[in-house]
Ligand SMILES: [Zn+2]
């Protein structure tokens, strides 16, 4: 807690609005001693010889019985010190009775004095660092529920900012991030499952995501040893967008992307995968099997009929000379 920032203070309990108001009030006393031609004039020296800036005269109120300003300031201060307890009670009562009015006044004042408030906060924080830290730690211990609620509200309000910060941190601390993520997943298997499911649903809710997902799974399934971590696009030599254009060009009247999204259209191999002879994505047959020209959109119901036919009629003859 070296540098002050407005969050730390505004989120802590130790600095109340009452404090700022009282500080502002004290400041007003000093300000009262400044010459204001609407309120003040220079008059005869008062009996306590309160001379205003070597003028040989006293600063006096135009109204208020033409009293000496300094006299009144000193008298006011003295009275407040003498009646500290009474004053406290009085202010407390006054505050209670005029809560709403006080709130509005405070807000108005704060709006006008934003810079001043930041300065005051910084000064107060620097002076009371230890005290603030102790009080805030204690408060956090005593109010875990409230703290949770406050943190929740804060993260909701500053979602983007927080995300960006943690993303930047993750990029700078890759190894640490990996370790922390892994540990979190191990400690929160249920939560991790839910997050994964959400991400999965989100990805598959877009056309690109759906094409990616289907192709990735199909290409992986067609390879005995899997994709080795490569993206399907880099293995087949075209992109999801290319495939989208290709499929759309072959759509019949019945077909639409909505139907595709609902699972009513399959990405079909004109010559089925089982006919090709490949073990790895480097084999020529893999490229031929997954070439755009071998793919077509097929209504799900037609695809099932086709499968049947291939297995019953075509498969045996196609298998001749083909290692499976
Ligand atoms: Zn005086």
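Residue by residue, here is whether (1) modelled with pLDDT of 85 or more; (2) exposed (fewer than 11 other Cβ atoms within 10 Å of the Cβ); (3) not in a loop (DSSP other than H, G, I, E, B) holds:
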| position | (1), (2), (3) |
| --- | --- |
| 45 | yes, no, no |
| 54 | yes, yes, no |
| 71 | yes, no, yes |
| 76 | no, no, yes |
| 103 | yes, no, yes |
| 108 | yes, yes, yes |
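Considering every residue within segment 110-120, establish whether at least one is in contact with a helix residue (DSSP H, G or I) (Cβ under 9 Å, 6 or more places away or on another chain), in a loop (DSSP other than H, G, I, E, B) and within 19 Å of residue 31 (Cβ to Cβ). Outline the logic, then answer.
So in segment 110-120, the residues in contact with a helix residue (DSSP H, G or I) (Cβ under 9 Å, 6 or more places away or on another chain) come out as 110, 113, 116-118, 120.
Pick out the ones that are also in a loop (DSSP other than H, G, I, E, B) and you get 113.
Going one step further and asking which of them are within 19 Å of residue 31 (Cβ to Cβ), we end up with 113.
So far as segment 110-120 goes, yes, one or more of its residues are in contact with a helix residue (DSSP H, G or I) (Cβ under 9 Å, 6 or more places away or on another chain), in a loop (DSSP other than H, G, I, E, B) and within 19 Å of residue 31 (Cβ to Cβ).
Residue 150 meets all of the listed conditions (1) surrounded by 12 or more Cβ atoms within 10 Å (Cβ to Cβ); (2) closer than 30 Å to residue 290 by Cα; (3) in contact with a helix residue (DSSP H, G or I) (Cβ under 8 Å, 6 or more places away or on another chain) but one, namely (2).
Take residue 164 and tell me if it is within 23 Å of residue 180 (Cβ to Cβ), at pLDDT 90 or above and either loosely packed, with under 12 Cβ neighbours inside 10 Å or under 17 Å from the mean Cα position of the chain (by Cα) (or both). Yes: the conditions hold for residue 164. Scanning segment 265-293 for residues that are assigned to a helix (DSSP H, G or I), surrounded by 14 or more Cβ atoms within 10 Å (Cβ to Cβ) and within 46 Å of the chain's Cα centre (by Cα) returns 286, 287, 289, 292. So, residue 63, is that one loosely packed, with under 11 Cβ neighbours inside 10 Å and either away from the ligand (no atom under 13 Å from the Cβ) or within 16 Å of residue 33 (Cβ to Cβ) (or both) or not? It is true that residue 63 is loosely packed, with under 11 Cβ neighbours inside 10 Å and either away from the ligand (no atom under 13 Å from the Cβ) or within 16 Å of residue 33 (Cβ to Cβ) (or both). In segment 41-70, the residues that are over 18 Å from residue 31 (Cβ atoms) and in the same structural domain as residue 31 (by TED's automatic domain parsing) reach residues that are in a helix (DSSP H, G or I) and more than 8 Å from the ligand (Cβ to nearest atom) with C-beta atoms within less than 9 angstrom, at least six apart or across chains, in these pairs: 43/66. For segment 168-192, the set of residues classified as surrounded by 11 or more Cβ atoms within 10 Å (Cβ to Cβ) and in a helix (DSSP H, G or I) consists of 169, 170, 176, 177, 178, 179, 180, 181, 184, 185, 191, 192, listed by residue number. If only residues of segment 78-90 that are loosely packed, with under 12 Cβ neighbours inside 10 Å and more than 49 Å from the chain's Cα centre (by Cα) are counted, the one that is farthest from the ligand (Cβ to nearest atom) is 82. Among the residues making up segment 224-237, those that are more than 33 Å from the chain's Cα centre (by Cα), over 17 Å from residue 294 (Cα atoms) and not in a helix (DSSP H, G or I) are 224, 225, 226, 227, 228.
Kindly establish whether residue 126 is away from the ligand (no atom under 16 Å from the Cβ), touching a residue at least 12 places away in the same chain (Cβ under 8 Å), under 39 Å from the mean Cα position of the chain (by Cα) and loosely packed, with under 11 Cβ neighbours inside 10 Å. Considered against the rule, which asks whether it is away from the ligand (no atom under 16 Å from the Cβ), touching a residue at least 12 places away in the same chain (Cβ under 8 Å), under 39 Å from the mean Cα position of the chain (by Cα) and loosely packed, with under 11 Cβ neighbours inside 10 Å, residue 126 comes out as yes.
The values are calculated or read from the model by the stated rules, or taken from the named source; none is laboratory data. Source: prediction; values computed, not measured. Cβ sites come from the backbone with ideal geometry, for glycine too, and all protein chains shown count toward neighbours.
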